[in-house]
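Have a look at the structure below before the remarks.
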């Protein structure tokens, strides 16, 4: 009698194992594009971005050109006062890299300010208090594009 009960328990246990395996296999679903691993956060020159910026102010024409070539034209919220690029007249001026207009930048309210010259500490503090991250880029032989590609999560830097 015990042998019959033992055989029934082994068969039941085996059935439960098979059932668990089948059910766990059935619950697998391919991740949607929203659930796939995000390239963010990214670190660019010691600035951590947790997502693609929605609005950007550029204080240098070469940076603005690079942003446009990477498809960030719709994200540009402000440009340098002395901007010589065509088609950007409607964007508010935000001063220059040498003399940023902190009041104008804070009024624009960008997620990110990109410049090619470090800002004075007092300006950095005001912008930080206003929730604006400041990214200072140095142009190398390949230009600004390699670093700016990271804004859209298109690339990650080897040495940030």
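The values are calculated or read from the model by the stated rules, or taken from the named source; none is laboratory data. Everything numeric in this text was worked out from a predicted model, so none of it was measured. Positions of Cβ are generated from backbone atoms using ideal geometry, with glycine treated the same way; all protein chains shown enter the neighbour counts.
Some notes on this structure:
- Among the criteria (1) part of a loop (DSSP other than H, G, I, E, B); (2) surrounded by 20 or more Cβ atoms within 10 Å (Cβ to Cβ); (3) modelled with pLDDT under 95, the one residue 110 does not fulfil is (3).
- Residue within segment 105-113 that is free of Cβ contacts under 8 Å to residues at least 40 places away in the same chain and within 16 Å of residue 149 (Cα to Cα) present: no
- Here residue 105 clears all of (1) part of a helix (DSSP H, G or I); (2) on the phi > 0 side of the Ramachandran plot except the condition numbered (2).
- In segment 128-144, residue farthest from residue 80 (Cα to Cα) [restricted to those that are within 19 Å of the chain's Cα centre (by Cα) and outside any loop (DSSP other than H, G, I, E, B)]: 128
- Applying the condition of being free of Cβ contacts under 8 Å to residues at least 12 places away in the same chain and over 13 Å from residue 111 (Cβ atoms) to segment 37-67 and asking which residue is surrounded by the most Cβ atoms within 10 Å (Cβ to Cβ) yields 41.
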